[in-house]
There are 4 protein chains.
Amino acid sequence: DERPGVAVVGGGFMATVHSRAARAARARLVGLASSTPERAADAAARLGFDRAYASLDELLADDAVDVVHVTTPNALHAAQAEAALAAGKHVVCEKPLATAPDDAARLAALVAPGGAAAGRTATVPFVYRFHPVVREARARVRSGEAGTVLTWHGSYLQDWLLTSADDDWRVDPATGGRSRAFADIGSHLVDLLEFVTGDRVRRVAATKRTFFSERARHAAVSTEDAVAVTLETEGGAVGTLLVSQVAPGRKNRLHLEIAGTGESLAFDQEQPETLWVGRRAGTLLVPRDADQLAPDAARLVTTPAGHPQGYQDAFDGFVADTYAAVRGADPEGLPRFADGLRAARVTEAVMDAAETGTWIDVSGEKR
Amino acid sequence: DERPGVAVVGGGFMATVHSRAARAARARLVGLASSTPERAADAAARLGFDRAYASLDELLADDAVDVVHVTTPNALHAAQAEAALAAGKHVVCEKPLATAPDDAARLAALVAPGGAAAGRTATVPFVYRFHPVVREARARVRSGEAGTVLTWHGSYLQDWLLTSADDDWRVDPATGGRSRAFADIGSHLVDLLEFVTGDRVRRVAATKRTFFSERARHAAVSTEDAVAVTLETEGGAVGTLLVSQVAPGRKNRLHLEIAGTGESLAFDQEQPETLWVGRRAGTLLVPRDADQLAPDAARLVTTPAGHPQGYQDAFDGFVADTYAAVRGADPEGLPRFADGLRAARVTEAVMDAAETGTWIDVSGEKR
Amino acid sequence: DERPGVAVVGGGFMATVHSRAARAARARLVGLASSTPERAADAAARLGFDRAYASLDELLADDAVDVVHVTTPNALHAAQAEAALAAGKHVVCEKPLATAPDDAARLAALVAPGGAAAGRTATVPFVYRFHPVVREARARVRSGEAGTVLTWHGSYLQDWLLTSADDDWRVDPATGGRSRAFADIGSHLVDLLEFVTGDRVRRVAATKRTFFSERARHAAVSTEDAVAVTLETEGGAVGTLLVSQVAPGRKNRLHLEIAGTGESLAFDQEQPETLWVGRRAGTLLVPRDADQLAPDAARLVTTPAGHPQGYQDAFDGFVADTYAAVRGADPEGLPRFADGLRAARVTEAVMDAAETGTWIDVSGEKR
Amino acid sequence: DERPGVAVVGGGFMATVHSRAARAARARLVGLASSTPERAADAAARLGFDRAYASLDELLADDAVDVVHVTTPNALHAAQAEAALAAGKHVVCEKPLATAPDDAARLAALVAPGGAAAGRTATVPFVYRFHPVVREARARVRSGEAGTVLTWHGSYLQDWLLTSADDDWRVDPATGGRSRAFADIGSHLVDLLEFVTGDRVRRVAATKRTFFSERARHAAVSTEDAVAVTLETEGGAVGTLLVSQVAPGRKNRLHLEIAGTGESLAFDQEQPETLWVGRRAGTLLVPRDADQLAPDAARLVTTPAGHPQGYQDAFDGFVADTYAAVRGADPEGLPRFADGLRAARVTEAVMDAAETGTWIDVSGEKR
């Protein structure tokens, strides 16, 4: 049977998204573990898994499980992913891969060549990479059509934590980690910008704010509501990032625009059917049309142009590519633990820059 | 005669815009001076002035002239504006008011209470303030409807200097000043953000780039093509600014978005008919409709909603308010030399921040 | 087992869409039949069905099959749906339900109360009904918030048949039916307008064109490339429809705007995340946010606002509701054979109006 | 003196727009007549005319007046324009040129070759022709780039008469004419579609509604609030028009989209800075940039791209071209009395089609 056996750890919304994608990829939905056996039983039934596990250990001991999807609160990711690797499983681990860069580094090393889990597929759902027009943007940079990239311009804005009445486990560093807004959503933005440009952030200056020091269930909130960043890249570009979870009217608005000497390329995650291509002589709106996209973009097209692909479709693409890797393929653009480590390092640098008031180096190799 | 007598210094595109606005305001277009008597004669005929002057001195000696519009290259602004004030004229001086903050400070002091030219009207065309929906945004902050402002998010992108073949006197610090992109367009962005929020930039971190060190007529270009800024405000907000003259497909795209605890407010200068108002419960597109706007916005409406007002209309509003001030009124939101000085100081701080790699203080009083 | 056993007839793109939706709904994908056993085997393997049938008869004889999805060329729909009903199956039949209104009427009668297949679930995928914001629009009409509907304004534009080199079985009346563009896509538009407004078309005037009388594989094309319609509704509204498969740059652009005395409501199928709500005092963009939508809209939300739902998500919603009906529920807004009959009648009227140059009555009861 | 002497008849909003345009064109604003000497005095002072006339006769007797702008209620247009021509003046007459086609025909004949006023400039402000991107659309049709035009798709929607409390002289046929919505705004739409395509409407089917039979000051309203039209053109295209003054949220939304075999071209009067050009391979947004437009479009550009031109700018362009014609030039695309006659005929046909329920012929020569 080519169909991988899949188990999920966690029973929240991301567990739903992962299990939909696993089903769409025709995996076997073997089982689910959660914080308690009761929750596991409930979630397993709700999401259509064959069984519930009483514990993660029980899950990891199940030979029917090939791939483990970790969808628990951030602070648990590293240990659970490590345990899954130790049990010989392939792993999909929600971002942030770890709340401390050292943990992320250890995980990345495990699956790197020579590591104890070398050869194992270990991915992190930077799913916005799986919108076909994002691949098209990347292809235009790689082909030279966009020219040398000069500026980056990104924002990721949400409003679900707009008032002090809004709360979540992410607010607490003990469960969410040192950084909240940047780790949770800013990391997507940086991953996407580095992915599209093939360039890397070299150093950052930043400032951050915790506007609401008290929230419904947390008395002394320290994690940031918003971060503003100026950056330089290895390739010589400059840019800005604004990340906020307190921006009224913005639900999940990841927007990026890069300007190259040939073209500007803009992507809006909330309207992922079109790539905005700015040229001096006019603007081109490139539709998500397999006939017109670069091969690596076209391969992710699942419906004809004009029949919108959405968030779940992107997630399905990520999971399908992960399972292809499990089967031995090497799909282009699959975000792996090394990418999760990169995100952790950039997050750390942004936090440090904001807290020290200095530029912080975060150089890394170009991809 | 209530109609002011107007003269223009300079004969380029901005002279055209100023003279159209003067005509729309029913001023008397008395005369024009330029870099040579020939150019003055040509421009005066082309733009419909009654006469050309052989020199600025001749212009300033003409008692028929009440208001002098300075539209020459940046490095000339301060001296010409000062001469006009010394000659007893009211002055409209193109931005930047001066290429050095000290010069701007001297000019602002001249017209401040107790200054040698106190009582004289002295304005700087931060004309984007004159879009009715910008006033509406400001009114929503002032009324408290938008809540406490948490983040700023601005960009001003153009592409007219995209290649090394593109050139202009602004490229040369000797005529354009130390800063190019930020002084020329970034200053508009900061003015608008401070105007709308009533808040002020407190400090900035920045980086800048001169991507094209050679241009058609300039061998060693030092002025910046692009600047990226992170900022904090007196009021506690954080934000980013990206300013570039090398962004393909962007013609004159000033865009700003501020997020308050109640509303986000976004304005796009290229589509000035609508204010985007983000609320958690949905987005409101507020049309430029006098029936629905705050009084200070409604007073700048000159055509019914759906009959677009444009750039020249905003400029006309600025000039009409300037002339109203000349006649003794005190129109709300008129950008005066103090605002030109503010822009010079912010520009200097941004350049310093970029060159030193440190945060630079630029605090000022809230308006 | 609550999971319905599902079989598909046909192996083209729509078979893919139906089978994805069946899988997402956790049905058992029992088997597939196509035009030949070879094609069936290929499609069954490709789409993940347990088996292929050599013929429709074999499929219908399989007791494991509860629901048959008919996705074959239009001219086959009626007979295959009828055979499936005769075999005691529930049926999902692609639109048009039949290429002749009489056939559609016979099918609708079969499943109507007192019909031979009464009680059987029999649906037609007017899937655009399953975008949450479409339900929100409908709720606003039903609640009276939008007021009395005065005008309809709809278009459905595609470009996949733009040149004579483009061809398809739909071009030939023998396989596609008398009407091409209107039956295929115009019917969606009318269904949606009647669904949202609860009103019905009363009569139509129309004109149509076959711009390309020859296509790659068809020598004398008679089916229309484009149709323009003026209409009156039972409720007193007037409106226009433009339907074309030769509109460059439009991929699948179903757009509708209705104006009521209280609100205008506009929906663009290619951007289904937002409902445009026009009011005299401004425009509201209502996001697909479960917290803010009417209950029947909110129940179709599967991802948080800002995580776009797309075409497949809408299709999934339709199939999930169909299977809920199979299990005995009565989901709101499920498009049934009666709706397929309605579409056939409107299509016939539009064709007749265009061919006779007169207004044609197509009155029906309000829903 | 090359500057024409201009007088305006009427003192309402359109008088303001005309006089601004005359001033921008550097005409002499000689005088103004209105319904009473008092109103004339008030308007002349307000709008900056040198004098007020006690009557139209007095105005027409003034030799300083070269051009008369007629901006009175519709029913007065024909007689006043005719009187102005009889007095030897050039005339700009607001649309509709006449409320009866016969009157429009008589006026058009007067200025036609061989007419009593042959050689006189006589124009009608179909001002949307003066948006540069409209000229660009026209140029793309004329050059063949857009291919053969297949479909028209137009709407003109407003909301200023949305409730029965809203009223205006246009509501009354005695002052406004038989048709209200179509004559007032639908005529713009048809003029623009015929202007852009170079094609002409051949016949129309239509329906119309008067939703509010009573308004604040009118007891039995007969003129239409909304009209829906299906049309065929001489060139073989088909299309629809929806015209309404009761569409909430639409202020002055003239929108047209034509689909040719090569390109679709769409224009939105409320966003006149961009031409939407649809191609199968993607969409091009053509900016109002003189460097990139066809010559007849570029000549109407008055500010650089990204500095929006608006409604008054278009009006200024129309008046400037009218005055150029007065001085003997023959500007391309100037809407003359023949175009006003054409609009009157199409309006009549639409009304007849709606009232008779039949297709009405309105064929005319291609331009």
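Mean per-residue shielding of peptide B:350-357 is 1, counting Cβ atoms of other chains within 10 Å of each Cβ. Post the alpha-carbon centroid distance, region C:199-275 to region B:22-63, in whole angstrom. Between the Cα centres of region C:199-275 and region B:22-63 lies a distance of 58 Å. The alpha carbons of region B:295-367 occupy a box of 49, 32, 20 Å along the principal axes, longest dimension given first. Which of these, D:219, D:45, D:247, has the largest mean-square fluctuation under a Gaussian network model of chain D (Cα springs below 10 Å)? Answer for the Gaussian network model of chain D: D:219. Within the full protein context, the accessible area of residue B:19 is estimated at about 0 Å² for a probe radius of 1.4 Å. The relative contact order of region D:1-109, computed from alpha carbon pairs under 8 Å that lie at least 6 residues apart in sequence, is 25 percent.
Considering the convex hull of the alpha carbon atoms of region D:240-279, report its projected area averaged over all viewing directions, in nm², one decimal. Mind dumping the intermediate values first?
Details: hull surface 13.5 nm².
Taking a quarter of the hull surface, the average projection is 3.4 nm².
Below 8 Å, C-alpha to C-alpha, sequence gap of six or more: please give me the relative contact order for chain A in percent. Walk me through the intermediate numbers first.
Numbers: 837 pairs, mean separation 72.6, N = 367.
Relative CO of chain A lands at 20 percent.
Keeping every protein chain present and rolling a 1.4 Å probe, give me the accessible area per residue for region D:196-285 in Å².
Numbers: 2270 Å² over 90 residues.
Ligands and nucleic acids excluded, the result is 25 Å² per residue.
Modelled this way, with points 7 Å down the Cα-to-C-beta line, the labels at residue B:296 and residue C:145 are 3.4 nm from one another. As a ratio to 2.2 N^0.38 Å, the alpha-carbon radius of gyration for the protein assembly as shown is 0.96.
For region A:1-74, what is Rg from Cα atoms divided by 2.2 N^0.38 Å, rounded to two decimals?
0.95
Using a cutoff of 8 angstrom between alpha carbon atoms and counting only pairs six or more residues apart, the relative contact order for region C:216-351 works out to 10 percent.
Chain A's nearest residue to the axis relating it to C, judged by Cβ and reported with the distance in whole Å, is A:310, 2.
Quick one: divide the alpha-carbon radius of gyration of region B:21-176 by 2.2 N^0.38 Å and tell me what you get.
Values: Rg = 18.7 Å, N = 156, 2.2 N^0.38 = 15.0 Å.
Relative to the rule-of-thumb radius for its length, region B:21-176 sits at 1.25.
Taking amide H positions as modeled 1.01 Å from N, with prolines and chain starts lacking one, the residues under 5 Å from residue A:150 and 5 or more places away or on another chain are A:259, A:260, A:261. Residues in region C:139-150 carry Karplus couplings, in order, of 5, 5, 6, 5, 6, x, 4, 7, x, 6, 6, 9 Hz; the curve used is 6.51 cos²θ - 1.76 cosθ + 1.60 with θ = phi - 60°, and Gly or Pro positions show x.
For chain B, the gyration tensor built on C-alpha atoms gives an oblate shape. Its axis ratio a/c (a ≥ b ≥ c) is at least 1.5, and a/b is not larger than b/c.
The mean number of partner chain beta-carbon atoms within 10 angstrom of a residue's beta-carbon across peptide C:205-215 is 4. Shown in residue order for region A:281-286 are the 3J(HN,Hα) couplings computed by the Karplus curve 6.51 cos²θ - 1.76 cosθ + 1.60 at θ = phi - 60°: 7, x, 10, 10, 9, 8 Hz (x for Gly and Pro).
How big is the A/C interface in buried accessible area, both sides summed, 1.4 Å probe, to the nearest 100 Å²? Please report the intermediate quantities before stating the final value.
Working: alone 14790 and 14820 Å², together 27380 Å².
Buried surface at the A/C interface: approximately 2200 Å².
Largest GNM mean-square fluctuation among C:283, C:233, C:121, using chain C with Cα springs under 10 Å: C:283. When DSSP beta bridges are restricted to pairs lying wholly in the protein assembly as shown, around 65% turn out antiparallel. For region C:1-152, the solvent-accessible area works out to 35 Å² per residue, with a probe of 1.4 Å and every protein chain left in place. In this rough spin-label picture, where each label sits 7 Å from Cα along the Cβ direction, the residue C:332-residue C:26 distance is 2.4 nm. Largest GNM mean-square fluctuation across B:180, B:200, B:209, computed for chain B with C-alpha springs under 10 Å, falls on B:209. Protein heavy-atom surface of region A:1-104, 1.4 angstrom probe: 49% of the accessible area is carbon and sulfur, with nucleic acids and ligands not counted.
In square angstrom, what is the accessible area per residue of region A:288-367 with a 1.4 angstrom probe? Don't jump to the answer; show the numbers that get you there.
Numbers: 2960 Å² over 80 residues.
Heavy-atom accessible area per residue stands at 37 Å².
Per the Debye calculation on region C:72-112 with a single equal scatterer at every Cα and no solvent contribution, log₁₀ I(q)/I(0) for q = 0.18, 0.19, 0.21, 0.23 Å⁻¹ amounts to -0.40, -0.45, -0.55, -0.67.
Sorted shortest first, the distances from the residue D:304 label point to those of the same residue in the other copies are 3.5, 4.3, 4.4 nm; each point sits 7 Å from Cα along Cα-to-Cβ. Karplus-based coupling profile of region D:152-166, in residue order and whole Hz: 10, 8, x, 8, 9, 10, 9, 10, 6, 10, 5, 10, 5, 6, 7, with θ = phi - 60° in 6.51 cos²θ - 1.76 cosθ + 1.60 and x standing for Gly or Pro. Antiparallel beta bridges, as assigned by DSSP with both residues in chain B, represent about 65 percent of the total such bridges. Simple spin-label estimate for residue D:219 and residue C:55 gives 7.8 nm between the two label positions (7 Å along the Cα-to-Cβ direction from each Cα). Inter-copy label distances for residue C:291: 3.2, 4.3, 4.6 nm (label point placed 7 Å from Cα along Cα→Cβ; shortest first). Atom-type composition of the exposed protein surface of region B:257-364 places 50 percent of the accessible area on carbon and sulfur (1.4 angstrom probe). Annotation: amide H of residue B:202 within the under-5 Å range of B:232, B:233, B:234, sequence separation 5 or more or interchain, hydrogens built in the peptide plane. For residue A:92, the residues whose amide H sits under 5 Å from its own are A:68, A:69, A:70, A:123, ignoring neighbours fewer than 5 places away on the same chain, with H placed 1.01 Å from N.
Mean residue ellipticity, 222 nm, helices only, chain C: the sum of -39500 (n - 2.57) across DSSP H runs of n ≥ 4, divided by residue count and rounded to 500, is -9500 deg cm²/dmol.
The values are calculated or read from the model by the stated rules, or taken from the named source; none is laboratory data. It should be emphasised that the depicted structure is a prediction, and the values quoted were computed from it without experimental measurement. Note that each Cβ is placed from the backbone with ideal geometry, even for glycine, and that neighbours are counted across all protein chains shown. Ligands, DNA and RNA are stripped out before the accessible areas are found, and what is left, the full protein with its side chains, is counted by its heavy atoms. Shrake-Rupley method; radii C 1.70, N 1.55, O 1.52, S 1.80 Å.
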